[in-house]
Structure formats: C-alpha cells, structure tokens
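All remarks here apply to the structure that follows.
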Amino acid sequence: MSDVVHLLPAAATAAPPRPAGRARAHRQTSSYTELAREVRAAGLLARRRGWYLGRMGAAVGALAVVVAAAVLLRDSWLVLLPAAALALVLTQCAFLGHDGAHRQMFTSARANEWAGRTFASLCCGLSHGWWLGKHTRHHQGPNQRGLDGDVESKVLSFTPEAARDRRGALAWLTRRQGYAFFPLLLLQGLNLHVDSTSRLLDRAPLRRRPLDAALVATHWVVYLALLLLLLGPGRGAAFLGVHLAVFGVCMGLAFAPNHVGMPVVPRGGDVDFLRRQVLVSRDVRGGALVDLVMGGLNFQAEHHLFPSMPRPHLRRAQELVRAHCAREQVPYTETSFLGAYRAVVGHLHEVGLQARPTFSCPVAAGLR
C-alpha cells in the first residue's frame, strides 16, 4: 500500500520561517538548481527536432499501413487485426501529443502546440485542451489529494480514505479492484473519449475550444464514415470496439505504474520541488521496447523534474538524477516492468480491503 507523505499544511508556511527553516529551504532549492545545472551542462535540454520528425513520419506511415490492411481485409473478420494495430499506432500518436504539449519537440511554442494538437485531437480524437488542463494540474501536485485529479478516480480507490467512502456496487467493486484492474483497462479508451468530449461540451473556459472541437469532430466523422463505408455497421462496430479496448489497455499500462502505489501527499501538503516530484514517482527499468511501450514515461522521475526534456534524453538524465538523489538521500524508486504492475495490483488489492463491511458484535458492544 502507498504511504502518505506527512507534510506541513501550506498555511503553516505563510509565516516567516525560523533561520533553520530558511537554511533548509535554501539547501533544498539549491539542490534542485545544482541538478538542473548538471542536466543543462550535459546538453539534455537541447531539442531533438530530427528525432521527433522521424517519429512523426513513422506514425503517419504506420497509420497508412493500417488503413491499407483494413481495406484489404474488409470482407473478413481478420480485419480486427488492423483494429488492434490501429490502437498501438494511436498510442504512439498520443505519446507524441503528450511530448508536444510539454514543448519537448521544437524550440517554437507554436510548433509544439500544433504538433500536440494534431496528434492528440486530430489523430487520436482526444481534446488537446482537456488533456493539457488535467495533466498540468497533475504535474503541479502529483499524487496530491485535492490537486491531482488522477488520485480521485470515480471507479478505483487509490487511498484507504476513498475506499472507506465507497457504498453499494462501488464498494463491492473496490473490494475486488486488484482483480478488476486489467479488465477495467479494456474500458479506459472509451472513458478517455467520454471525458474529452464532456470537457469540450461543458461551459468552463477552454483555450481554443473551437479549433479543438473541429479537429476532434473531423477525426470522428472521417473515422466513422470509413468504418461504415468499408466494413458496414456490424464489422465496423467490432472494429471500433477492438480499437478502443486495446487503446485503453495500452494507455493504462503506460500511465498506471508511474504513481499508483507511491506515497500520497495530503491536501494542503507542502514540500520542495525535487522531493515533490521524486518521492511520488516510480521509474521502470527496461530497454528500447519498454521505452516504446511506455512512451518514455518509464523515466517518470526525470520527466517530472524536467517536463520539457526531449524523450530521447531521459535515459541519460536518469544517471544524473539517480546519483543526485543518492547524494541528497532522497528515496528514488525504480523497478522492473513486471514488478511495476505487481506493485500496482498489490496496492489496489490492499486499499480495496478497506471497503470490507465491518462487523460489530452486539454482545461485545454491550460490555463496553
């Protein structure tokens, strides 16, 4: 089960700190500044335009191959194989949308935004503005209750407090959520699209809503039209279902190991930037295949410390971050690919036990 990081409430930091507190705060700030200086000196914040252009070209080429395969197999149920392949390709497009939103790709903010919007809204059909808003809050307070929406799931319970508040069918599911985690990922693709569309349709302010809505609408109009024209309603629905199910699994497998089961920061908690990002992050060991499957998010601590760092530099940055954390005695979590999912499922199972109904013996109660 995850630990809770016990920190001072934000209000408690409003008063002028004592000299020792000021010295500690200065030391902690200087610690991150020192790490940032090392990273910058190593050239790890420099843009990798060619690398990203290559990835973007590969993604577009892969999309074309998938469409061609679907056309060739349109009269056979084997067309569901390209549906699964489409999910894999769109997962890579989603990672490119993520990198563009973090301005990792190009020196121009506008070029980054257009890249992010193109791959998220147009290719994946997910609102770039919706995702950017929720993801920005996540980076501001990862695993912090009241700030990071990813901790406040409507279905899964990530903290004992949330599990104890479950009632009815949700309580039943929570008690079994460790077993239900992987099956639930099959619905995550649909859930992402529902949340994205809901955000586009609500009245809360959203930057460039008309453009975002136009790109998302274009995605769905073209996609659904192709499904109906090529496959008809039956195979088309099956194709869409397989695509969304596999996409949900891919996205869940990439994002779940990052923070689930790591320490949770209470509401109003305050901690320095280095520790805020490292203590709640889990890195995942692996080679090029893990990098591809997780879109570089397997270097979670490094990504949180340097959100605009290009993806191909994260592995080199890991060496600097790991060494720096060792010098500063900051716990740094890294595990294997399978170990990460064991930790996630184990955490969900342990938290889910908090939703068990309690039994109060009437005889014992009468003797109290």
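Brief remarks on what is shown
- The single residue among 172, 114 that is under 18 Å from residue 349 (Cα atoms) and surrounded by fewer than 21 Cβ atoms within 10 Å (Cβ to Cβ) turns out to be 172.
- Matching option when the condition is at pLDDT below 95 and under 30 Å from residue 224 (Cβ atoms), among 121, 157, 153, 127: 153
- Qualifying residue in segment 277-287 (condition: crowded, with 20+ Cβ neighbours inside 10 Å, in contact with a His (Cβ under 8 Å, 6 or more places away or on another chain), of a type in the set (A, V, I, L, M) and free of Cβ contacts under 8 Å to residues at least 60 places away in the same chain): yes
- Qualifying residue in segment 49-58 (condition: within 26 Å of residue 208 (Cα to Cα) and in contact with a Pro (Cβ under 8 Å, 6 or more places away or on another chain)): yes
- Selection of segment 145-169 for residues being part of a helix (DSSP H, G or I), over 19 Å from the mean Cα position of the chain (by Cα), of a type outside the set (A, V, I, L, M, F, W, C) and crowded, with 17+ Cβ neighbours inside 10 Å yields only 160.
- Filtering segment 261-289 to residues that are at positive phi and either in contact with a strand residue (DSSP E or B) (Cβ under 9 Å, 6 or more places away or on another chain) or basic (Lys, Arg) (or both) leaves 261, 268.
- Matching residues, segment 200-245, being among the β-branched types (Val, Ile, Thr) and closer than 16 Å to residue 66 by Cα: 222, 242
- Sole exception among (1) surrounded by fewer than 23 Cβ atoms within 10 Å (Cβ to Cβ); (2) more than 19 Å from residue 209 (Cβ to Cβ); (3) touching a helix residue (DSSP H, G or I) at 6+ places or on another chain (Cβ under 7 Å); (4) not aliphatic (A, V, I, L, M) for residue 108, by number: (3)
- Residues of segment 44-66 satisfying the condition of being touching a His at 6+ places or on another chain (Cβ under 8 Å) and not aliphatic (A, V, I, L, M): 48
- Some residue of segment 341-354 being exposed (fewer than 15 other Cβ atoms within 10 Å of the Cβ) and over 30 Å from residue 154 (Cβ atoms): no
- From the options 252, 261, 248, residue that is closer than 19 Å to residue 139 by Cα, in a helix (DSSP H, G or I) and either without any contact (Cβ under 8 Å) to a residue 12 or more places away in the chain or of a type outside the set (A, V, I, L, M) (or both): 252
- Index of the failed condition, residue 302 passing every other in (1) in contact (Cβ under 8 Å) with a residue 24 or more places away in the chain; (2) surrounded by 23 or more Cβ atoms within 10 Å (Cβ to Cβ): (1)
- Yes/no for residue 96 being of a type in the set (A, V, I, L, M), modelled with pLDDT of 90 or more, buried (at least 23 other Cβ atoms within 10 Å of the Cβ) and out of contact with any Lys or Arg (no Cβ under 6 Å at 6 or more places or on another chain): yes
- Only a single item in (1) within 17 Å of residue 259 (Cα to Cα); (2) touching a residue at least 24 places away in the same chain (Cβ under 8 Å) is not met by residue 186, and it is number (1).
- Residues of segment 291-330 classified as within 16 Å of the chain's Cα centre (by Cα) and at positive phi, total: 2
- Helices (runs of 4 or more DSSP H) within segment 267-355 that include 2 or more residues under 23 Å from residue 92 (Cβ atoms): 288-294, 300-305, 314-328, 337-352
- Criterion (surrounded by fewer than 23 Cβ atoms within 10 Å (Cβ to Cβ) and part of a helix (DSSP H, G or I)) met by exactly one of 224, 206: 224
The values are calculated or read from the model by the stated rules, or taken from the named source; none is laboratory data. All values derive from a computational prediction rather than experimental measurement. FYI the Cβ positions are ideal-geometry reconstructions off the backbone, even for glycines, and counts take in every protein chain you see.
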